[in-house]
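The block underneath contains the structure these notes are about, expressed in structure tokens.
What follows is calculated from the coordinates using simple rules that are stated; it is not laboratory data. Bear in mind the structure is a predicted one, so any value in this text is a computation, not a measurement. FYI the Cβ positions are ideal-geometry reconstructions off the backbone, even for glycines, and counts take in every protein chain you see.
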Amino acid sequence: MHEKQLATHLQRQMRDFGDVRRPDPIEVQQLRRLANAVVAKSRADLAALAENNPALVWEWIEAFRRQKLAADAESRYWSNAVRELSAACPRAVGAAAE
């Protein structure tokens, strides 16, 4: 790929990544704490919570889903960068692995 094509390709990938709303760091930290608390609860406790407050549980599911989409998009972004460099510079990648 020529430099101009590569730059266009990378810009498109960055734009695609930018389409996913990235939560602010405080929100991410709060979601992590919440996810840890959810994982630590028994299924019976979670079922009781869902029965007593289904709207809250739905809100949590949506927040976790959005965070997962953002993480998946970021993972694709970094994977694409690694793939492009590896394809363009196979000798350098092989030497770095040694």
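Side notes on the structure shown:
- Here r is the Cβ-Cβ distance between Val28 and Arg91 and R0 is 41 Å; the resulting FRET efficiency, rounded to 0.05, is 0.60.
- Taking 0.36 nm per residue of sequence separation and removing the Cα-Cα distance, the Ala55/Ser42 pair yields an extension gain of 2.7 nm.
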